[in-house]
1. Within the stretch 20-51, track down each residue that is among the β-branched types (V, I, T) and assigned to a helix (DSSP H, G or I).
2. From the list F230, F245, pick out the single residue that is out of contact with any helix residue (DSSP H, G or I) (no Cβ under 7 Å at 6 or more places or on another chain), touching a residue at least 24 places away in the same chain (Cβ under 8 Å) and open to solvent by 10 Å² or more (accessible area, probe 1.4 Å).
3. Taking the condition open to solvent by less than 30 Å² (accessible area, probe 1.4 Å), closer than 20 Å to P181 by Cα, more than 14 Å from the ligand (Cβ to nearest atom) and touching a residue at least 12 places away in the same chain (Cβ under 8 Å), does V304 pass?
4. D277 passes all but one of (1) at pLDDT below 95; (2) touching a strand residue (DSSP E or B) at 6+ places or on another chain (Cβ under 8 Å); which number fails?
5. Within the bounds of the stretch 255-267, is there any residue that is more than 30 Å from E188 (Cβ to Cβ) and either touching a residue at least 60 places away in the same chain (Cβ under 8 Å) or among the charged types (D, E, K, R) (or both)?
6. Does V223 satisfy being aliphatic (A, V, I, L, M) and out of contact with any Asp or Glu (no Cβ under 6 Å at 6 or more places or on another chain)?
7. Taking the condition of being away from the ligand (no atom under 13 Å from the Cβ) and open to solvent by 80 Å² or more (accessible area, probe 1.4 Å), how many residues in the stretch 147-171 meet it?
8. Looking only at the stretch 248-267, which residues are under 30 Å from the mean Cα position of the chain (by Cα) and open to solvent by less than 40 Å² (accessible area, probe 1.4 Å)?
Amino acid sequence: VTSELFDQLNRATEEAKRGLADAATLDQLAELERVFSGKQGAFNEISRAVGGLDVEGKKAVGAALNAARSDLKELVAARRATLEVAERAAKLESERLDLSEIVGTPNDGHLHLVTQTRYELEDVFLGMGFTVAEGPEVEDDWHNFEALNFPPGHPARSSWDTFFVELGNEEQVLLRTHTSPVQIRVMESQKPPIYVVAPGQVYRRETPDARHLAVFNQIEGLVIDKGISFSDLAGCIDTFTQAYFGPGIHARLRPAFFPFTEPSAEFEVVCFFCKGDGCRTCSKTGWIELGGCGMVDPNVLTAVGIDPEEYSGFAFGFGIERCVQLRHDIDDMRVMLDNDIRLLTQF
Ligand code: PHE
């Protein structure tokens, strides 16, 4: 009987060890423990049988049983520790917040469409050999008007109703009405040849509507070199138009007047909405005005000390929001100031 109990004990121990190795979760481990140490378990059965043995047998089998039980206890504890670590790791993994998911979603923030367009326009002109210049948004009368051949009291001044700043003499300091004063600043500080573009914000006392804002962006261009002619201007405008709007979108020039260019032109591109047929957006003309341009007036060159007999050049200036509106088919320009997330997230 004694040796039979030893066999039984060995088998029960082997089985329990195998079960331990197979237990893959803490729940399975607890279940296994209940089985081998519970009332109906193999060890309890042996323990009961020991009661019927003689003193020698009780001692021998009893000692082996206790040793096996405490062995198993240690094995269970070790297995439990391993499984706990594994389960905690799995739980952490499954509950982990992947913060990197937020990168690249609209919540991350990005440049406004108008700024993106400004950079894109700069790139187009950089590719054509221009450099980028900047000037102040608060200007003086000299740079915004007088050096650009608008003498005091000139009627053309009144076509740009202005915000004056209370600084210095009355009506001498103002929010610039166009980026053309940067032409003057560049020519005052740089010798020809000059090939610059100057993007930036401008201000006009204007009631906003679908195609006008009181605060908007322009990009100015200025070229001063020897032997520059009107065909250089026309070629430059058309090259830009096709580079930005795509092949097949042409510009046309229409006679216009600006005090600082002579001859002057308005440049227009084919209406994107009706492709030239004439619609409400283009006032049935098939064309949309983007900006003004012309050959730099000799009076302007003289005002900044450049000899008009030696140098000639052209200038242009157009609205960046207009470009955005055309290319992205936006019927009301005011949405660019609304801060509406539905617009912002699209671009
Ligand atoms: N400054 C003019 C405007 O704001 C545009 C222009 C720029 C015209 C350069 C001619 C030359 O309308």
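The values are calculated or read from the model by the stated rules, or taken from the named source; none is laboratory data. These numbers come from a predicted model, not from an experiment. Virtual Cβ from ideal backbone geometry, glycine too; neighbours counted across all protein chains shown. Ligands, DNA and RNA are excluded from the accessible area calculation, which covers all protein heavy atoms including side chains. Shrake-Rupley method; radii C 1.70, N 1.55, O 1.52, S 1.80 Å.
1. Filtering the stretch 20-51 for residues among the β-branched types (V, I, T) gives 25, 35, 46, 50.
Passing the criteria: V35, I46, V50.
2. Working: F245 fails: out of contact with any helix residue (DSSP H, G or I) (no Cβ under 7 Å at 6 or more places or on another chain).
Matching residue, one of F230, F245: F230.
3. On the way: open to solvent by less than 30 Å² (accessible area, probe 1.4 Å): yes; closer than 20 Å to P181 by Cα: yes; more than 14 Å from the ligand (Cβ to nearest atom): yes; touching a residue at least 12 places away in the same chain (Cβ under 8 Å): yes.
In short, yes.
4. (2)
5. Initial filter on the stretch 255-267 (more than 30 Å from E188 (Cβ to Cβ)): none.
Within the stretch 255-267 (the criterion being more than 30 Å from E188 (Cβ to Cβ) and either touching a residue at least 60 places away in the same chain (Cβ under 8 Å) or among the charged types (D, E, K, R) (or both)), the answer is no, since none of the residues qualifies.
6. Numbers: aliphatic (A, V, I, L, M): yes; out of contact with any Asp or Glu (no Cβ under 6 Å at 6 or more places or on another chain): yes.
Against the criterion (aliphatic (A, V, I, L, M) and out of contact with any Asp or Glu (no Cβ under 6 Å at 6 or more places or on another chain)), V223 qualifies.
7. 9
8. Scanning the stretch 248-267 gives a single hit, I249.
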